[in-house]
Each structure stands twice: as structure tokens, then as C-alpha cells.
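Q: Have a look at this one before I ask anything.
The values are calculated or read from the model by the stated rules, or taken from the named source; none is laboratory data. No experiment lies behind these values; they were computed from the predicted model shown. So basically every Cβ, Gly included, is an ideal-geometry build from the backbone, and we count neighbours across all protein chains shown.
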């Protein structure tokens, strides 16, 4: 159940927008759609598998070159369009396997593609657009940095199919020379290492954890509930500053990110010395 | 990770604190600070367990020639006695500039 | 005395790569203007490493210094590549974000303050996993905010290079400075080989690694703004020039149409020879894209 299935993104994108296809000219791996959320008009974006994609290393739900630049373009479209008007919300539906691991990707600077998408999301946020990330499945490493981690507010489902982490278990086990079982055990003692989304929630980075009985086949009521939560998150984002300080000011962060807070206080105190 | 504490007599004051080294593989960092009293205290944290006797031998040798009243902290990632001694001498050199 | 055919330049060269993070940071400032903030004696170390039997470092592998570069206020944040591979943990990441945020606040008060980030890093520190990843997102956010006012310059000199999540920070920078020895990329050769086999990337092929990730290739493909020799005065000078230059008219990461078009025009049916790639990927730039 905790394996990436690549299904949830499509399901929830359709649930919110009624659409299943990419915008004209976009690769099949990026779904972009505009739809209402209560009295807001939001843009939804999602990365999904495309087994026939142009890049062999980006066909199974990875965020590669095309995905990153398409996200960047579709987000920038909203920024440009709303320049002199109300800033629409932008919702990243996140269920991504990983970044794309390929020679073509490295040659053509996937690091810059990823930065371009993060730039677009972050710039939207700085311009006053409420940017929301809804993690419905996996949110790994570079893929999450690219699509979702610049959001004002992050929401996630609370089941075993949801995972936010820096490296998937098998690779992490290999690199740290431990067994997967040992890693899971370590995650119980050391919250930031845990693969369990409920432990991730203790880090104070999440706005809210949502319960959905069957995230791959949600009921109409459940979809409405999640939409209401998105609306609340949007309102909360609009009421706060455009930076990411809420991630350090949450009650959970004040417990688990004490060292971060100490660093900030210390650095500020020493900034003006002498 | 092992923690080792050692104490040595001291007979003079030290003016300046010093920091040398990096906690890299086979290396260590040394933080040396002036301390009150006639004692030098050494606090070692090392990722390589079971070498308490070796640490004591290295520090005994170092303090046979050094008599500053200091607090020394060492964060070690598997340095050889030679490298430990070198870093200690570097720290002393910086503190006496 | 025989000089054995080496030019005097070789002997006079002051290697920048051989310096540790603290020495590298100091070398970039105008003489006598720098001081370190939250240094080792502040003892703000990782809460997570000792729990796992890993010896922490008192500055958590991140050096923050403030001073003047080319007469202007600047902050330099340097990751120590020799400590945990320069990987980003809760504290080292917090030092970087806080420094960038304070520089940004100074700019908002009218004090133009640039930032130079020295990245020798493999990305997220796995022992701190989600806090490492989260703080990299925060570093990226801080770069986006600061670079509106003053340049954020990324310097990668080697030997570790800049990989993983921190490569996105390099991607957001106003300018990227590299040596030939340095490498910059999201995924290193070992990771690619692990995920997609040695056909995709033979991680023992050093020539291939530098042909794709190395400073010379990144510079030749327009992804780095300066290529410098491993010589401290040269490096410092390149940084000074960029601080004085100010922010570019458009940041590289904002030039979406240009790069999207380049990617769209690539023939993905085979791998590309890195040297050929240099001309290949600008072949189809429209006249509009060319600046």
C-alpha cells in the first residue's frame, strides 16, 4: 500500500476539475485545470505518469525536464494574468514518484528546470497568490522541492500511501548501509527520519492532516470535505504573510525545530554587533 | 559515540580561544578556551568507540609539555594519534598568537 | 635551479580548493572587514547526529560571515564539504536561511546587501531527512526573496560539487561561479546508475562525469556565469565583479519560455554527446529568445 501507484494524482485532479487531459500543447504528464473552490477560482496542477513520454527516464510519475518547465509555464501564466487583479489560488496536487534520474536530464540541466518550477510557485506566493500543496500520495526529494514545497500551506492525507521524504526506503537503506527494517525503527526514535506521515506532521510543516477512507476512490462527500479544507487553507494563507515563517511558528515546530529557532535568534542578535 | 573526560594540572593562564580542524573522516575539530583555576579539562566525543586508553596516552603526552589552564573540546571522526596531536598543537599555536 | 617546465603561475597559485569552508569564506571579503556569526563557540550543533552515534561539528558544517565585498555589505554562507559531505541538516540549513533573511531585511531598510553561498554539498543530510529537505525549500524561498534586491551568488569550487536539493538553490541564484574541478547537477552518477543502470550512466567513467556535470561544460552551456581557475585571488575577483554588477535583468530560472523551447526541440531518441550538446541546444533558439 505504501508503494507509489501513480493513480491518486489523476483521481483527485479529476475530482476537483472534472478534467482528465493536459492543456493544449502540454505533455500528458502534467495536468493543469482551472476550477472553482467555493467563491475562489483556482488553478490546479498535477504531475502524473505518461508511459509514452519523450524522456525514457520520466515515464512513470517522475518529475523531469518537461514536467518542471510545463509547471513553471502554467504557474507563470496565472501570475501574468492576475498582475493587476485578484490573485487566484494555485493548488499543487502532489503524488510524484521522484525526480527523473537520467543522463539526458543531467545534460540538459534538470536542476535548472526544477528551480524554474520552484521559482514560479515561489514567485506566485510572493506576489500574493495563495499556493497550496495537497499531498495525496508520494512527495519525494527533488520532485517535492519542484512541485509543492514552495506552498504557503501544505495539507496531506493521513494513510500509508502518503509519504514525504528525502529518499525512498530502498535507496536510503543502501546508502546508509542499514536494512529497511532498521531504517523504519530509527524513524520511530528520530522524527525527521520517519517515513510515516503522522510523524512528519510532528515537524510542524503541515497545515493539516486529512482523513480519507479510500484515497484512490473517494466518495462525493469526501471530495467536498477536502475542497472545504482547501478553501480554509486558502483563506488562512490570504490572512498571513507571503513568506514561509508559518513553518517555524506552528506549535509542533516550536517543539521539534527548537534548534532552528535558536539559530535564528542567535544570528539576529549577532548580526548588528560591533 | 563515546564521551571521554580527562583532567590535567595547569599553571598559567591563556589569553585567546582557538578553533582548528574539521570533523571529517580521519580528522577532528578542537575548541580551546581559557578557563579559570589551575586545571585543564578535556572533553572528547568520538565516533570510534573503545580507544579510551589511546586517547589518554595522546593527551598525557600533550599535557606533559603544555600547562595552560584551558577547556578543550574535541569532536573526533576517527583521527590517528598523530593527527590528534597535530590539531592540538595547531590550537595552541593559534591561542598564543 | 630548474623549474622543470612549470610556469611561474603554477607555483604562485594559491589553491582555493584546498581551503576549508571558513578560509574560503574569509578569502572573499575585503581585507579586515569580515567576522563570523554563530561560529563554533556558539555550540549550536545538530540535535539529531549524536542520537545516531555520529560526532557533530560545532558549526554544523556551515560558516556564516558578514562584511564587505568590493566595498558593499555582503554575507557569505559556506558549507563545509568535509563534514558529512556538506550535506544540509536542520542547523546548517537554518544558518543559511536566517543569514539570507537578515540580508533581505537589511535591503528592505535601504542597506544593499548581497549574498554569496559556497556550495560543496551532496544535498539533504539523510540522518535528518525531512528537516534537511524542508530547510532546503526554505533556503530556496529565502533566495527568491533576497534576489529581488541584491545578487545571490553561488560558488562551487570542488571537490564535493553541488548536488541534490541544493542544486535547485544554485539554479535560483543570480550568478553561478565554478572551477573546472567543480560539478553541478541534481543527481550524481552513482544515484543515476543505481536507479537506471550503468547504460544510463556509468559512474566509473570520470571523463563522462565532468563532461556532463563539470564547470567547463556548465559554463559552455550557459548555466554558469564564470569559470575560474583554482586560484584564490582569481575566485575572489570574480565574486567582487558579480557583487558590483548587481542583479541581472532576468534571472535564469525565470526564463521559462527560452528553456522550455530548448527542451521541446531536443531529439530524445538517443543520448547526446556533451560537446555536441553545447551547440545542439541553442540551435533552435528563436531570434526572440536570443539576447
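Q: So, in the range C:241-272, how many residues would count as being at the interface with another protein chain (Cβ under 8 Å from one of its Cβ atoms), part of a helix (DSSP H, G or I) and under 19 Å from the mean Cα position of the chain (by Cα)?
A: The number of residues fulfilling the criteria is 3.
Q: So, one more: Determine, yes or no, whether residue B:86 is touching a strand residue (DSSP E or B) at 6+ places or on another chain (Cβ under 6 Å), part of a helix (DSSP H, G or I) and away from chain C (no Cβ under 14 Å).
A: For residue B:86, the condition - touching a strand residue (DSSP E or B) at 6+ places or on another chain (Cβ under 6 Å), part of a helix (DSSP H, G or I) and away from chain C (no Cβ under 14 Å) - is not met.
Q: Among the residues of the range A:5-20, count how many are in a loop (DSSP other than H, G, I, E, B), modelled with pLDDT of 90 or more and farther than 13 Å from residue A:30 by Cα.
A: 2
Q: Which residues, counting only those in the range C:190-210, are within 28 Å of residue C:251 (Cβ to Cβ) and within 9 Å of chain A (Cβ to nearest Cβ)?
A: C:191, C:192
Q: With respect to the numbered conditions (1) facing chain C (nearest Cβ under 10 Å); (2) modelled with pLDDT under 95, which one is the sole condition not fulfilled by residue A:185?
A: Every listed condition holds for residue A:185 apart from (1).
Q: Let me ask something else. Filter the range A:188-224 down to residues that are more than 24 Å from residue A:151 (Cα to Cα) and surrounded by fewer than 17 Cβ atoms within 10 Å (Cβ to Cβ) and give me whichever is nearest to the other protein chains (Cβ to nearest Cβ).
A: The selected residue is A:189.
Q: Within the range C:210-220, can you find the residues that are in contact with a helix residue (DSSP H, G or I) (Cβ under 7 Å, 6 or more places away or on another chain) and crowded, with 21+ Cβ neighbours inside 10 Å?
A: Within the range C:210-220, C:212, C:213, C:217 meet the criteria.
Q: Before we move on, is residue C:57 within 12 Å of chain B (Cβ to nearest Cβ) and surrounded by 24 or more Cβ atoms within 10 Å (Cβ to Cβ)?
A: Against the criterion (within 12 Å of chain B (Cβ to nearest Cβ) and surrounded by 24 or more Cβ atoms within 10 Å (Cβ to Cβ)), residue C:57 qualifies.
Q: Would you be able to say whether some residue in the range A:70-92 is touching a helix residue (DSSP H, G or I) at 6+ places or on another chain (Cβ under 9 Å), under 13 Å from residue A:143 (Cβ atoms) and buried (at least 17 other Cβ atoms within 10 Å of the Cβ)?
A: Yes; the residues of the range A:70-92 include at least one that is touching a helix residue (DSSP H, G or I) at 6+ places or on another chain (Cβ under 9 Å), under 13 Å from residue A:143 (Cβ atoms) and buried (at least 17 other Cβ atoms within 10 Å of the Cβ).
Q: Residues in the range A:80-90: is at least one touching a strand residue (DSSP E or B) at 6+ places or on another chain (Cβ under 9 Å) and either at the interface with chain C (Cβ under 7 Å from one of its Cβ atoms) or under 17 Å from residue A:22 (Cα atoms) (or both)?
A: Yes, the range A:80-90 has at least one match.
Q: Hey, could you check the range C:70-107 for residues that are in contact (Cβ under 8 Å) with a residue 60 or more places away in the chain and surrounded by fewer than 24 Cβ atoms within 10 Å (Cβ to Cβ) and say which is farthest from residue A:244 (Cα to Cα)?
A: So, considering only residues that are in contact (Cβ under 8 Å) with a residue 60 or more places away in the chain and surrounded by fewer than 24 Cβ atoms within 10 Å (Cβ to Cβ), the one farthest from residue A:244 (Cα to Cα) is C:70.
Q: If residue C:30 meets every condition in (1) farther than 25 Å from residue C:235 by Cα; (2) more than 13 Å from chain B (Cβ to nearest Cβ); (3) touching a strand residue (DSSP E or B) at 6+ places or on another chain (Cβ under 8 Å) apart from one, which number is that one?
A: It fails just one condition, (1).
Q: So, one more: Given the options C:115, C:129, name the one that is at the interface with chain A (Cβ under 7 Å from one of its Cβ atoms) and touching a strand residue (DSSP E or B) at 6+ places or on another chain (Cβ under 9 Å).
A: C:129
Q: Still on this model: What number goes with the only condition from (1) in contact (Cβ under 8 Å) with a residue 24 or more places away in the chain; (2) part of a loop (DSSP other than H, G, I, E, B); (3) surrounded by 15 or more Cβ atoms within 10 Å (Cβ to Cβ) that residue C:286 does not pass?
A: Unmet condition: (3).
Q: Further question on the same structure: Checking the structure you have, find out if any residue of the range B:12-19 is closer than 17 Å to residue C:43 by Cβ, part of a strand (DSSP E or B) and at pLDDT 95 or above.
A: Within the range B:12-19 (the criterion being closer than 17 Å to residue C:43 by Cβ, part of a strand (DSSP E or B) and at pLDDT 95 or above), the answer is yes, since at least one residue qualifies.
Q: Criterion first (outside any loop (DSSP other than H, G, I, E, B), farther than 20 Å from residue C:16 by Cβ and within 10 Å of the chain's Cα centre (by Cα)) does residue C:144 satisfy it?
A: So residue C:144 fails the test.
Q: For the range C:163-185: of the residues being assigned to a loop (DSSP other than H, G, I, E, B) and more than 10 Å from chain A (Cβ to nearest Cβ), which is surrounded by the most Cβ atoms within 10 Å (Cβ to Cβ)?
A: Filtering the range C:163-185 for residues that are assigned to a loop (DSSP other than H, G, I, E, B) and more than 10 Å from chain A (Cβ to nearest Cβ), the one surrounded by the most Cβ atoms within 10 Å (Cβ to Cβ) comes out as C:182.
Q: Is one or more of the residues making up the range C:135-154 crowded, with 23+ Cβ neighbours inside 10 Å, within 8 Å of chain A (Cβ to nearest Cβ) and in contact (Cβ under 8 Å) with a residue 60 or more places away in the chain?
A: No.
Q: Failed condition for residue C:109, given (1) more than 7 Å from chain A (Cβ to nearest Cβ); (2) over 18 Å from residue C:253 (Cβ atoms); (3) in contact with a strand residue (DSSP E or B) (Cβ under 9 Å, 6 or more places away or on another chain), with all others met?
A: (3)
Q: Additional query: Looking at residue A:24 and the list (1) over 21 Å from residue C:264 (Cβ atoms); (2) free of Cβ contacts under 8 Å to residues at least 12 places away in the same chain, which single condition is not satisfied?
A: Condition (1) is where residue A:24 drops out.
Q: Another question, if that's okay. If we keep just the residues of the range A:114-128 that are out of contact with any strand residue (DSSP E or B) (no Cβ under 6 Å at 6 or more places or on another chain) and crowded, with 24+ Cβ neighbours inside 10 Å, which is farthest from the other protein chains (Cβ to nearest Cβ)?
A: Per the stated criteria, the residue is A:117.
Q: Take the conditions within 20 Å of the chain's Cα centre (by Cα), within 14 Å of chain C (Cβ to nearest Cβ) and part of a loop (DSSP other than H, G, I, E, B) and apply them to residue A:242. Does it pass?
A: yes
Q: Of (1) under 20 Å from residue A:82 (Cβ atoms); (2) facing another protein chain (nearest Cβ under 7 Å); (3) crowded, with 24+ Cβ neighbours inside 10 Å, residue A:145 satisfies all except one. Which?
A: All conditions pass for residue A:145, except number (1).
Q: Could you tell me how many of the residues in the range A:45-67 are within 17 Å of residue A:143 (Cβ to Cβ), in a loop (DSSP other than H, G, I, E, B) and within 14 Å of chain C (Cβ to nearest Cβ)?
A: The qualifying residues number 7.
Q: For residue B:40, only one of the following conditions fails: (1) in a loop (DSSP other than H, G, I, E, B); (2) touching a strand residue (DSSP E or B) at 6+ places or on another chain (Cβ under 9 Å). What is its number?
A: All conditions pass for residue B:40, except number (1).
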